[in-house]
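No lab work stands behind these numbers, since they all come straight from the coordinates. For clarity, every value in this text was computed on a predicted model and none was experimentally measured. Methodologically, a virtual Cβ is constructed for each residue, glycine included, from the backbone with ideal geometry; neighbour enumeration extends over all protein chains shown.
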Amino acid sequence: MSNLSQNFWEFSLNLYSSSEISAACLDLQNQYGIDVNLLLLCCWSGAYVGELSEESLSQALTYSKQWREQVVSPLRQTRRWMKSNMPIDQSQQIGFLEVRDEIKAVELRAEKHQQSVLEKIVMSQSKSGAGVSPEKAIRGNVLKLIKQMKVAESSKLRATLSLVINAATAN
């Protein structure tokens, strides 16, 4: 993991830059309701901090649920609505697209803010989760997340999660 930044946001951008990983993350979000930022947090934490404590993961889940419901989801819903409701009148399209692009930029800043808060939650936990290999810590963190989110397990879920976990542990 030496070529990846220890900063959570940079780690996420690096991991998510692979089209295969971004597609897997979107599938996990759309098919299973998994918060991608929490999944990435589990990977980043496992790689650089160790296993997440139950308390840290619980705090991260609580914060993320509220942030997603009140901030990110409304922005995402608006952006998606706009994508499928382009004005027919060409004179309105440029302004419409500019507003959609601004909403997309605000959505991205909201996710970056969420990651900043999540990183602080992890960094404030006791270091008792350290000492485990990064791969084992990542897998353990992801399993805790799936359990706490009450996601129904399936072979497709496991395969998609393994793809993300393997990418996070590569190097």
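Just a few scattered comments:
- Debye, to nearest 20: dipole size of the chain, +1 on Lys, Arg Cβ, -1 on Asp, Glu Cβ: 320 debye
- Every Cα-Cα pair in the stretch 77-119 was counted, and those over 15 Å apart are 49% of them.
- Degrees, to the nearest 10: 134-148 long Cα axis against longest axis of the chain: 60 degrees
- Using C-alpha pairs below 8 Å separated by at least 6 residues, the relative contact order for the chain is 42 percent.
- Take the Cα of Gln29, step 7 Å toward its Cβ, do the same at Lys65, and the gap between the two points is 2.0 nm.
- Cβ crowding within 10 Å averaged over residues, with 50-59, 17-26, 107-116 ranked highest first: 50-59, 107-116, 17-26
- Under 18 Å from Lys156, Cα to Cα: aspartates and glutamates that are on another chain or at least 8 residues apart: Glu20, Asp27, Asp35
- Relative to the globular-protein estimate of 2.2 N^0.38 Å, the Cα radius of gyration of the stretch 54-94 stands at 1.86.
- Given charges at Cβ of Lys, Arg, Asp, Glu: the stretch 17-171 dipole, positive-most of Val99, Cys42, Ile21: Cys42
- Taking the C-alpha atoms only, the angle from helix 90-123 to the longest principal axis of the chain is near 20 degrees.
- Stokes-Einstein D in µm²/s, Kirkwood radius over Cα pairs - the stretch 1-144 at 20 °C with 1.002 mPa s viscosity: 130 µm²/s
- Highest-first packing order for the peptide set 138-147, 88-97 is 138-147, 88-97, based on the mean count of other beta carbon atoms within 10 Å.
- Aspartates and glutamates with Cα under 16 Å of Lys120, excluding same-chain neighbours fewer than 8 positions away: Glu10, Glu51, Glu54, Glu55, Glu111
- Cubic angstrom per residue, convex hull over Cα atoms of the stretch 83-171: 167 Å³
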